[in-house]
Amino acid sequence: MSNENCIFCKIANGEIPSQTLYEDDSFRVILDLGPATKGHALVIPKEHYANLYELPEEQAGEAMKVAKKMAARMTDRLGCEGFNLIQNNGDLAGQTVFHFHMHMIPRYRADGQTIGWKPQEVTQEELEEVKKQICGE
Ligand code: AMP
Ligand code: ZN
């Protein structure tokens, strides 16, 4: 199923050209047009799923397999020294294109990027409480 207003549907299915690094029946991996670093790529399923919640489990597993293969190849070819995989869900979390995609960001020494968060202080009681909220009845 594809969504006619979705740019990633069009890209993933080849209606809009892209710099494609890899393609199979289910996925396309393209270069991001606003790269964080050299080689920043996106793993995009050909089917339209807005986010991780909608993505079927099997496709989630396949997406990670594709990312793993590409990470090995890109590390070899680009000579990067690390890799971030990032996947945003919801505008609050930074998602701007509402078709599931996984960012693959090669990291280089002194690439000038900081990808991360500010660690907060937490007590053992607070951790227990959160665990209960997630895992409890
Ligand atoms: P997110 O903010 O996680 O939804 O990521 C969307 C990403 O898609 C951004 O990194 C954009 O630079 C990238 N992007 C948007 N439009 C295109 C496009 N037509 N081709 C390639 N990358 C795109
Ligand atoms: Zn789509």
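The values are calculated or read from the model by the stated rules, or taken from the named source; none is laboratory data. The model shown is predicted, which means the values in this text are computed figures rather than measured ones. Neighbour counts run over all protein chains shown; Cβ positions are idealised from the backbone, glycine included. Protein only, heavy atoms only, side chains kept; ligands, DNA and RNA dropped before computing areas. Shrake-Rupley method; radii C 1.70, N 1.55, O 1.52, S 1.80 Å.
Across the stretch 1-34, the number of residues qualifying as near ligand 1 (Cβ under 8 Å from one of its atoms) and either without any contact (Cβ under 8 Å) to a residue 12 or more places away in the chain or assigned to a strand (DSSP E or B) (or both) comes to 5. Taken over the stretch 89-102, the criterion of being loosely packed, with under 15 Cβ neighbours inside 10 Å and either in contact (Cβ under 8 Å) with a residue 12 or more places away in the chain or not aliphatic (A, V, I, L, M) (or both) is satisfied by 90, 91, 94, 96, 97.
The strands (runs of 3 or more DSSP E) falling completely within the stretch 35-121 include none with 2 or more residues that are farther than 21 Å from residue 20 by Cβ and within 14 Å of the chain's Cα centre (by Cα). For the stretch 33-64, a residue qualifies if it is open to solvent by less than 40 Å² (accessible area, probe 1.4 Å), of a type outside the set (A, V, I, L, M) and closer than 24 Å to residue 81 by Cα, and the qualifying residues are 37, 39, 40.
Taking the listed residues 30, 86, 105, 115, the one that is away from ligand 2 (no atom under 16 Å from the Cβ), buried (at least 19 other Cβ atoms within 10 Å of the Cβ) and over 17 Å from residue 3 (Cβ atoms) is 105, with no other qualifying.
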